Each structure stands twice: as structure tokens, then as C-alpha cells.
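To start, the structure itself, in C-alpha cells.
The values are calculated or read from the model by the stated rules, or taken from the named source; none is laboratory data. Everything numeric here is computed off the predicted structure, so don't read it as measured data. Glycine also receives a Cβ, built like all others from the backbone with ideal geometry; neighbour counts cover every protein chain displayed.
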Amino acid sequence: MPDLEKLWQANYPDHIGRHLDYPDLAVHQFLERSAEKYPDNLATVFMGGKLTFRQLIDKVYRFATALAALGVKKGDRVAVMLPNCPQMVIACYGILKAGGVVVAFNPLYVEREIQHQITDSGAKVMVALDLLHGRISNVRGPSGLDTVIWTGIKDFLPFPLKQLYPIKAKKEGMYVEIPPGPGDYQFTDLLKKYDPNPPSYEFDLDEDLCCLQYTGGTTGVSKGCMLTHRNLAVNAVQVSRWMPGLKEGGERVLTVLPLFHSYGMTCCMNLSAVLGAAMILIPRFIVADILKAIDRWKPTLYPGAPTMYIAINSHPDVKKYNLKSISACISGSAALPVEVQKTFEELTGGRLVEGYGLSEASPVTHSNPIYGLRKNGCIGLPFPDTVSKIMDIETGEKELPIGETGELVIKGPQVMKGYWNKPDETAVALRGGWLYTGDIAKMDEDGYTYIVDRKKELIIAGGFNIYPREIEEVLYEHPKILEAAAIGVPDEYRGETVKIFVVLKPGVEATAEEIIEYCRAKLAKYKVPKFVEFRSELPKTIVGKVLRRILADEERKKRQEAG
């Protein structure tokens, strides 16, 4: 068996210790600390509007006071359904200050998903975007939601955008007026009505929940990961320490990752609270807007997903913008192709490395070092105080030696308490203190880990195991391919065979035969795709992970209809 401690001693980045000291602070207390140390520093930027830390903490306290007045007590779950905007930040930290538990919702959820998450979490209060009024109103009664606090994009816009926005929204059919009703409140009215006198609670950092982070549902029914204050606080500190040379009170974080997702919540919002950093809040990923924001606001950190970096690299006007402020980026949610990494670093002069995480671990557990030894196609080393090993896929009870492929399991202070009200699922995911990730991986002789694929997406063709990621890495090297995904489809002879879905770069053409021939030169015969389908885009999660499951479902349905 590999001696993991020796491997870590030999390969860990020299700027960080294997073990860290963590402040005994609840998550919102990091924001309070930064507001005390840097009251006049920029805290948020949103469409040109700015808040200092002094202004932000004042609004957080007012909102916490309002929640308490509305009956929110310690341990109550409070739903939040907002895009990246100042209200999202105020709501999350206000809920925590009031003793509540944040339950974040994707604003793209349909009614079925909204009702499931409200009902499952037991939330009675929600903070929501006014544009979502129709969907939320339709599920409000059946889900038991008593109180909704409404807010709009215009509420925190600077002059004159605040006056112009409703005019533009009405023209585009995007303007909503909320009719007054029982249990309905306006976010800005509450901030004006209540003074900043929030309740004061003691927190058991290891037991008190900070957030119910629902899984994306990409592998089944969405489940609420119970993340404690310790889980999320530790992970934000781990991320901050992983990037050498960060200046407390002097960083700016480009916040385009959605804050309702654990990746954005930790690597943008909570990281900014820990560092006293400014958040450049972007509600929607539009590459032209991202380029303008980098050029104007000079962010130093840009956590993201490969699709975000691909979009920047391939934008025809990218060289017109100054991107040199960016110093460090950890890419997550999907594999980072080598060519994407190389091109982005050439454009920015910063460092882009691949990391790994999952909602059940707050979410980050691994990353390549920003400086030092980093390896292509690899998620790097475990974070401080985090250990991982590779277990056999069949039983999950046998640890495998270096180089062998099995299931990645993880132990660390960022790992969840379990799934909300789901003891059976918790018992499967957490065994003996180890989190079983469902990802297939291997470890090399230097202690670096490689994700091969998800257990559920393994393609078995003629008895051979084929990992979609390996095929996709080859496709990303093709000069005409922008994005690609591989799945298994039924084959009478082999059981399964490979089908790929390809998005070409703008202005180029290619044939299926050309792509297959390219793969023949790069892959073993049994891995070469048999079918190629060209698409204008691929289905993705909100953080940019390609949903192979959706492609497989579409393919299955198509074949059933064809008989």
C-alpha cells in the first residue's frame, strides 16, 4: 500500500502545511471579522453598483433582525432562490446571523423541483427573485411555504440604471409587480424597517448546520447535504491557503460561479469573507460581459469551470481586453483539457489548475498546486487535513495499490454530516468516516489523483472498460472541436459501443468520418467512437458540467421510438 504521508511530505506545495489551524468562527463571523478590519474596502460590485464592507454588514444585520421578527429561530431552514447579486450575499449571511440554515435553490428550477426541495427541507420562509413569482406561487400552498421575501434585480442597481431597468424590463416582458398578499414582503422594505440589532447565538461549529446543499440530481433524486459551519468555514480557509501570495484585504474575486451552488458559495462568497476580498458579482455567464468585467474591475481570482475558460479562449475579440489582473484560478466541475489551460494562461499570465470537489465535501477536496508540480489530466493532491484512497469498485472494502483503478473515497473536516432525513443513503455514502464519491480514480506514485470517470457512466464494450473522459480528452485536442462528450450506446455484438457528441468551433466544418479517423490514430481500437453527432451545444449543469446522462436519455428515447 502507498505510504501517503511520505508522498505528501515529498510533493506538497512548500507554501502550505499538511495541517492547518482554523479559526473557531461560524461562517458569517468571517464576514463580521473582515467588516471590522476593512470597513471601507469594496465588498461587492454589481452592474456598477458598489457596497463597502461597512455597508454590507449593516444590511446583513438588518436582514437578520427582520428574519427574527418574522419568526425565524435557530435551526430553521430558510430558502434562497436568487442569482448572483448583492441580495444573495445579504440573504445568506443574514440567515446565518439569525441562526437559520441556508437552503439555496437554482433559479432555473421548475415547479416540481422547487416543491420537492421546499417540502424536503421544511423551509417556511423563502427569499426569491420577483421574476420567479409565477413558479413559486404555484407551489406555495402544497409545499407549506408561509412567507416569501421578494426582491428584484433593480433593487441594488446604481443610478441611472435603477430608473432605466424597469422600462427595459417591461419592453422585454420581464417586469413583474408582486401583488400584496399575506406572507409577502419586499426585501428593501425590510432593510429600511429594521435597525441592525440581530439576535446573538452560540454555535456548535461541528454540529450546527450552516447549509442544506442539494445535490444536482445528475445521478438520481436530489438530496440535501448537511453541511455544518465547521465544514464550510474549513473549506474556505483551505482554498485561501492553497493559493500562495494572497493579500488579505487586497483581492478581487470574479464571481460568475452561481452562489447557490457549493462551488460558488465556498470559492467565491465564503472565500471573499475569509480574505476580506471584493466580489465582482456576475448574474449570468455571457462571455462578452465577463471580458468587460475583467478589463474594468481587475479581478485577481477567477474560480470557474472549463466551459467558462473555453468561451474566453475562443472569443474573437479576446485580445482587445486586458486580462492580466488574474493571478490564480482553480477549475472544477469537469475535466480541464490541457489546451484550454495552456491558452488561458497565455492570455492572462495567471495560473489555472484543475481541482476536484463534490457537494458532499463543501465541495473542494483536491487541487493541483498553483505553483510547483502540477500534472495534466489530474486533480492533484488532497487539501490540508484531507486524506483519500482508492477502494475496489465491487465491495468498497479493499484498498488498492498505486496505479490501480477504483472508487475514490475521502476523509476530511469538510465532509458533510450526511443527507438530510435520508439515513439509508447516508449509510451508503459515509462508511467508517469515509465519503464514497462514486467517482472512479487512480493514484500515481507521487500521490497525485486522476479521475477516470463516474461509476455510473462507465462504458463496457466487449468486456473492456472504456472511460468517457479519456475519449473526451483526445477530442479536445482536435483543432476544430470546441466541446465534446462520449456515452455508451447499445451494441448487439459488443454490449455497448461509443457514441460522441461534438460542438465545433465557430466557422469550421468537419465530417463524422474525419473525427473517427482522428480518434483511430489516438485511441485503442475498442475505444474508437462508432457514431458521431454534431450539436450546436451540449446540455450542462449550471456550473458547466456536461450532462452525459441527458445525452444518454435522449439517445435511449430516440432508439425506443425507432423501434
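Going by what's in this entry, would F63 be described as within 18 Å of Q186 (Cβ to Cβ), crowded, with 20+ Cβ neighbours inside 10 Å and in contact with a helix residue (DSSP H, G or I) (Cβ under 8 Å, 6 or more places away or on another chain)?
yes
Quick one: K530 ticks every box in (1) closer than 25 Å to K557 by Cβ; (2) charged (D, E, K, R); (3) free of Cβ contacts under 8 Å to residues at least 12 places away in the same chain bar one, so which box is it?
Going through (1) closer than 25 Å to K557 by Cβ; (2) charged (D, E, K, R); (3) free of Cβ contacts under 8 Å to residues at least 12 places away in the same chain one by one, K530 breaks only (3).
Scan the range 356-370 and tell me whether some residue there is aromatic (F, W, Y) and part of a loop (DSSP other than H, G, I, E, B).
Checked against the condition, which is being aromatic (F, W, Y) and part of a loop (DSSP other than H, G, I, E, B), the range 356-370 yields no hits at all.
Filter the range 523-558 down to the residues that are assigned to a helix (DSSP H, G or I) and in contact with a strand residue (DSSP E or B) (Cβ under 7 Å, 6 or more places away or on another chain), then identify the one that is surrounded by the fewest Cβ atoms within 10 Å (Cβ to Cβ).
For the range 523-558, the residue satisfying everything is Y526.
For a quick check of your reading of the model, give me the residue pairs whose first member lies in the range 128-156 and is of a type in the set (S, T, N, Q), whose second is buried (at least 16 other Cβ atoms within 10 Å of the Cβ) and modelled with pLDDT under 95, with beta-carbon atoms closer than 6 Å and at least 6 apart or on different chains.
Partner pairs satisfying both residue conditions: S143/Q115.
Pairs under 7 Å by beta carbon, first residue under 13 Å from M47 (Cβ atoms) in the range 161-182, partner surrounded by 10 or more Cβ atoms within 10 Å (Cβ to Cβ), six or more apart or different chains?
Pairs that qualify, where the first residue is under 13 Å from M47 (Cβ atoms) and the partner is surrounded by 10 or more Cβ atoms within 10 Å (Cβ to Cβ), are L161/M47; L161/G48; K162/K154; Y165/I153; Y165/K154; Y165/L157.
Could you check the range 52-88 and list, in sequence order, the residues that are among the β-branched types (V, I, T) and more than 15 Å from W150 (Cα to Cα)?
Passing the criteria: T52, I57, V60, T65, V72.
What do you reckon, is Q213 under 19 Å from the mean Cα position of the chain (by Cα), buried (at least 17 other Cβ atoms within 10 Å of the Cβ) and modelled with pLDDT of 95 or more?
yes
Taking the range 513-522 as the region of interest, how many residues are surrounded by fewer than 15 Cβ atoms within 10 Å (Cβ to Cβ) and among the aliphatic types (A, V, I, L, M)?
Going through the range 513-522 one residue at a time, the tally reaches 1.
State yes or no: is E111 free of Cβ contacts under 8 Å to residues at least 40 places away in the same chain and touching a helix residue (DSSP H, G or I) at 6+ places or on another chain (Cβ under 7 Å)?
In short, yes.
Which residue, of I379, I294, I280, is touching a Lys or Arg at 6+ places or on another chain (Cβ under 7 Å), β-branched (V, I, T) and over 19 Å from V234 (Cα atoms)?
I280
What number of residues within the range 478-499 satisfy the criterion of being in contact (Cβ under 8 Å) with a residue 40 or more places away in the chain and out of contact with any Asp or Glu (no Cβ under 6 Å at 6 or more places or on another chain)?
7
Is it fair to say E354 is of a type in the set (D, E), in contact with a Phe, Trp or Tyr (Cβ under 9 Å, 6 or more places away or on another chain) and either touching a residue at least 24 places away in the same chain (Cβ under 8 Å) or closer than 19 Å to V89 by Cα (or both)?
no
Regarding K375, is this residue part of a loop (DSSP other than H, G, I, E, B), over 30 Å from A123 (Cα atoms) and either of a type outside the set (S, T, Y) or at pLDDT 95 or above (or both)?
In short, yes.
With the checklist (1) under 25 Å from the mean Cα position of the chain (by Cα); (2) farther than 29 Å from A104 by Cα in hand, flag the one item G17 doesn't pass.
Against the list (1) under 25 Å from the mean Cα position of the chain (by Cα); (2) farther than 29 Å from A104 by Cα, G17 comes up short only on (1).
Condition first: assigned to a helix (DSSP H, G or I), of a type in the set (G, A, S) and more than 23 Å from T188 (Cβ to Cβ). Now tell me which residues in the range 26-59 satisfy that.
S34, the sole residue that qualifies.
Hey, any hits in the range 75-97 for a residue that's modelled with pLDDT under 95, surrounded by 21 or more Cβ atoms within 10 Å (Cβ to Cβ) and assigned to a helix (DSSP H, G or I)?
Checking the range 75-97: not a single residue is modelled with pLDDT under 95, surrounded by 21 or more Cβ atoms within 10 Å (Cβ to Cβ) and assigned to a helix (DSSP H, G or I).
Quick one: in the range 159-189, which of the residues that are farther than 29 Å from A69 by Cβ and assigned to a loop (DSSP other than H, G, I, E, B) is nearest to the chain's Cα centre (by Cα)?
M174
Being out of contact with any strand residue (DSSP E or B) (no Cβ under 9 Å at 6 or more places or on another chain), closer than 23 Å to W150 by Cβ and either among the hydroxyl-bearing types (S, T, Y) or surrounded by fewer than 24 Cβ atoms within 10 Å (Cβ to Cβ) (or both) is true for just one of G17, G49. Which residue is that?
One residue alone meets the criteria, G49.
What residue, among those in the range 453-473 that are crowded, with 20+ Cβ neighbours inside 10 Å and hydrophobic (A, V, I, L, M, F, W, C), is nearest to R374 (Cα to Cα)?
The selected residue is I471.
So in the range 512-563, with the set limited to residues that are at pLDDT below 90 and among the hydroxyl-bearing types (S, T, Y), which one is farthest from I286 (Cα to Cα)?
Only one residue fits best here, namely Y526.
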